[in-house]
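Worksheet: one structure, shown below.
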Amino acid sequence: KQLFAQVTNPPVDAIREEIIMATETSIGPEDNLLEPGPRAALQLALPSPVLSNPEFEKIRQLDGGPLARGFRSITLPILFHASENGQGLRRAIDDVRARASEAIDEGYNLIILSDRGHDETDAPIPALLAVAAVHHHLVRAGTRTRVSLILESGEPREAHHFSLLIGYGASAINPYLALETIDDQVRLGVI
């Protein structure tokens, strides 16, 4: 006699379930969904929200010129002075939110939030906190649909991290440290 029901559903598999699931995404400004037009189609299609280093560098180089089709990216650091503790973190978050608004006013439509450059004096703002802070600031300002947020961070490394970052407003993520770790393990013959 069975005393419990055991469910052994396999994990979600985007390859075998591609008919009903897609990992593709797009980045760029969003136009009014209620009045579709040609501008609404101006998006960059990506095969995945997780960007390799070469894919990410192509996006970073978009300068708004004719070859960039109007896409213009800017990189904003998400770092704070570690010696200033919580007050430094709060100031850095306020600063990155203000700089994101300024970037939109200057015509940038791809904002890269980057924790590169951290050292013994400058610590990275936690990625989820930085993405959420900028996202909600832009929603309140009414400018969120004019820009995509792209994260360049050494922090995300698990599927759950990526899911949360996307859920909190990131359009795409370059997990440079995870990618460099994999490359190093391949080079060393570990994998």
- Item | Calculated from backbone phi, Karplus (6.51, -1.76, 1.60) coupling profile of the range 21-33 in Hz, x at Gly/Pro | 9, 9, 9, 5, 8, 9, 10, x, x, 10, 8, 5, 5
- Query: Rounded to the nearest 5, what % of the DSSP beta bridges within the range 53-149 are antiparallel ones?
  - Reply: 35
- Can you list residues whose amide H is under 5 Å from Asp122's amide H, if they're 5+ apart or on another chain and H is modeled 1.01 Å from N? Ala82
- Item | the range 75-153-the range 17-71 distance, computed between alpha-carbon centres (Å) | 21
- Thinking of the chain as a set of Cα atoms, what percent of all their pairs are more than 20 Å apart? 61
- Return the percentage of antiparallel bridges among DSSP beta bridges fully within the chain, rounded to the nearest 5 %. 35
- Message: I need the calculated FRET efficiency for the pair Arg140 and Gln43, taking r as the beta carbon distance and R₀ as 25 Å, to the nearest 0.05.
- Response: 0.55
- Message: Between Asp119 and Val186, what's the calculated FRET efficiency when r is the beta-carbon distance and R0 is 35 Å? Round to 0.05.
- Response: 0.80
- Task: May I ask for the equivalent-ellipsoid semi-axes of the range 52-92, computed as the square root of five times each C-alpha gyration tensor eigenvalue and listed largest first in whole Å?
- Result: 33, 12, 5
- Distant-in-sequence amide H partners of Thr25 (H built 1.01 Å from N, under 5 Å): Leu46, Ser48
- Query: Applying 1/(1 + (r/R0)^6) with R0 = 30 Å to the Cβ-Cβ distance of Arg99 and Leu34, what FRET efficiency is obtained, to the nearest 0.05?
  - Reply: 0.45
- Message: Just to check I understand the Karplus step: with θ = phi - 60° and J = 6.51 cos²θ - 1.76 cosθ + 1.60, what whole-Hz values come out for the range 37-52, glycine and proline as x?
- Response: x, x, 5, 5, 8, 7, 9, 9, 7, 10, x, 7, x, 8, 9, 6
- Under the Karplus curve 6.51 cos²θ - 1.76 cosθ + 1.60, θ = phi - 60°, whole-Hz ³J(HN,Hα) for the range 173-180, x wherever Gly or Pro sits: 9, 10, x, 4, 5, 4, 5, 5
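Please report the carbon-and-sulfur percent of the accessible area for the chain; probe 1.4 Å, protein heavy atoms only, DNA, RNA and ligands left out.
The nonpolar share, carbon plus sulfur, comes to 56 percent.
Can you give the Rg to Rh ratio for the range 60-171, taking only C-alpha atoms and Rh from Kirkwood?
Looking at the range 60-171, the ratio lands at 0.97.
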- Amide H neighbours of Asn109 under 5 Å, counting only residues 5+ apart in sequence or on other chains, H built in-plane at 1.01 Å? Arg72
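The values are calculated or read from the model by the stated rules, or taken from the named source; none is laboratory data. Remember, it's a predicted structure, so these values are computed and weren't measured experimentally. With ideal geometry, Cβ positions are generated from the backbone for all residues, glycine too; neighbour counts draw on all protein chains shown. Each accessible area value is taken on the protein alone, full model and side chains, heavy atoms only, with ligands, DNA and RNA left out. Shrake-Rupley method; radii C 1.70, N 1.55, O 1.52, S 1.80 Å.
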